[in-house]
Structures are given as structure tokens and as C-alpha cells.
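The values are calculated or read from the model by the stated rules, or taken from the named source; none is laboratory data. Computed from a predicted structure; not experimentally measured. Here Cβ is always computed from backbone atoms with ideal geometry, including for glycine, and neighbour counts include all displayed protein chains.
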Amino acid sequence: MSVTPEARRNARTILDRLRRRYPTVRTALHFASPWQLLVATVLSAQTTDDTVNRVVPVLFERWPSPHELAVADPEEVEAVVHPTGFFRQKTRAVIELSADLVERFGGMVPADLERLVSLKGVGRKTASVVLTEAFGLPAIAVDTHVGRVTRRLGLTGEGDPAKVEAALRELYPESAWSGISMRFIQFGRDTCDARKPRCYDCVLRDRCAFPDKRMSPDAPPVMSRSGAGEG
Ligand code: SF4
């Protein structure tokens, strides 16, 4: 993949504006160790960070390390994680993840992407969040917001999250990677919504290739259509 200097300049301008808009960005999930962030991230699927933050103090007090959670009674864990939804799947996931971590890494979360994604149930997105937030290492986590926003802005034409991540890695220097995801996620939540983007109030409008901009709050929602990059 070859990236032109102009594409890099455009990408830098976009990120600079998002940095001004969101000067500090951190995950809203509460954690005290990489393992706790791994577990909290698994629990955060399909629910709010607030809900996870209410559940994890109870979870980590009862099972304070992967060694304990690996051998926990699933029914007891289910009762604790119940408020986060999908509690059976999530219980199985955090127990299996902890057991895998104990068995292969002695309970220590590895600080590199390849070994992190080798853990049971850990994908690139979760691994990248842990690298950035818990270890302070450069990584780009691509979720639905990052994918949608970067496609609309024309930073990538890719749909597959791993390819979006690769495109962003090409566009930005490694020193910038850690601040990218959280800013695009925040921007996707408060401005570039999937169905009701606030294009009329968008600091990136002049940089945006999205053809169906909503130029007033009363404009109809964006319909999903192939190639437009919603979702
Ligand atoms: S102009 Fe609209 S579609 Fe483009 S980045 Fe801004 S909010 Fe998103």
C-alpha cells in the first residue's frame, strides 16, 4: 500500500482537529491491572461502561486474580456479571480467558499484540485497547465507530477492521497511534453518528468525503447503502 504525502497531511489535519476537540482521552472502564482491563473489556460488549464499572469492583473483590477466576464457580460469576447482559457467554469467556492466561502465561498478561490475540476470546480490538490503555504502547483499536468515521472521512475504503487498522497504521506515525482510536470513537458517538451524523455541526466537514451529509438537525437519518460506509 502506498500512501501519498497529501493523504498523510490530510490525515494529520484530521487528527489535529480531533486532538483539539478531545485533548485527553482514556477508556472510561475502571481497572487496576492489564488483566482487569481485559476482563472489563470482555464484559463491555453490548452494554455501557458505567454498567461494567458497577460490576467489576464486586467481581475483582471476590476473584482478585486470574488464578481465582480461572477456577470460579460459573453460577456465582453469572450472578455478579448478570447486569452486563449476555451473562452466560460473558461468564464463560472471562473464566476461559483467565484459565488460558494462567496456563500459558502464568497469569501475566503479555504486552504484545500477537501473544494477546492468541488468548482465548481476545481479538485485535481488545488486545489493542489493553496495549494502549494498560501498557502505554502504540496500538490502534478498530471498533464500529472507528471504521465508520474513517471510511466516511475517506481515510480508508476498507470494511474489514484489520484492514482499517492497517490503513491507519500506514497513514499515521507510530507515535500517534495510541491517541487515535479513543478520539474517533468519541467523535463517532457525539458527532458522526451512524444514522444521524451532525454534519451541520462538524469540525471535519471540509475534510469529509461522505456523500449523504445531514446539513440540518431535521434532515432524515442516513440510510444504510453499500459503499457509503455506515455501520
Ligand atoms: S461531515 Fe458528517 S459524515 Fe462527515 S465526518 Fe462530519 S459528521 Fe461524519
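Within the option set VAL25, VAL39, VAL56, VAL52, being at pLDDT below 95, aliphatic (A, V, I, L, M) and under 20 Å from MET182 (Cβ atoms) holds for one residue only, VAL25.
Contact annotation: residue pairs with Cβ atoms under 8 Å, 6 or more positions apart or on different chains, pairing a residue in region 79-100 that is more than 15 Å from ASN53 (Cβ to Cβ) with a partner that is assigned to a helix (DSSP H, G or I) and of a type in the set (Phe, Trp, Tyr), are SER98/TRP35. If we scan region 160-173, do we find a residue that is assigned to a loop (DSSP other than H, G, I, E, B) and either in contact with a Leu (Cβ under 8 Å, 6 or more places away or on another chain) or within 15 Å of the ligand (Cβ to nearest atom) (or both)? Looking for residues that are assigned to a loop (DSSP other than H, G, I, E, B) and either in contact with a Leu (Cβ under 8 Å, 6 or more places away or on another chain) or within 15 Å of the ligand (Cβ to nearest atom) (or both), one finds at least one in region 160-173, hence yes.
Looking only at residues that are among the aliphatic types (A, V, I, L, M) and at pLDDT 95 or above in region 181-204, which one is farthest from the ligand (Cβ to nearest atom)? Only one residue tops the list, namely ALA194. A count restricted to region 120-138 and to residues that are part of a loop (DSSP other than H, G, I, E, B) and in contact (Cβ under 8 Å) with a residue 40 or more places away in the chain stands at 5. Looking across region 81-99, the residues that are of a type outside the set (Gly, Ala, Ser), closer than 15 Å to GLN36 by Cα and touching a Leu at 6+ places or on another chain (Cβ under 9 Å) come down to VAL81, LYS90, VAL94, ILE95, LEU97. Residue check: VAL81 meets all listed conditions (1) surrounded by 15 or more Cβ atoms within 10 Å (Cβ to Cβ); (2) modelled with pLDDT of 95 or more; (3) within 19 Å of ASP143 (Cα to Cα) but one, namely (3).
I want to confirm something. Restricting to region 1-27 and keeping residues that are surrounded by 12 or more Cβ atoms within 10 Å (Cβ to Cβ) and among the small types (Gly, Ala, Ser), which single residue is farthest from LEU168 (Cα to Cα)?
Step one: filter region 1-27 for residues surrounded by 12 or more Cβ atoms within 10 Å (Cβ to Cβ), giving 3, 7-8, 10-15, 17-19, 21-22, 25, 27.
Still in the list and also among the small types (Gly, Ala, Ser): 7, 11.
Values: ALA7: 11, ALA11: 9 Å.
The residue in question is ALA7.
Candidates are the residues of region 144-159 that are within 16 Å of the ligand (Cβ to nearest atom) and more than 16 Å from PRO197 (Cβ to Cβ); the one that is surrounded by the most Cβ atoms within 10 Å (Cβ to Cβ) is THR156.
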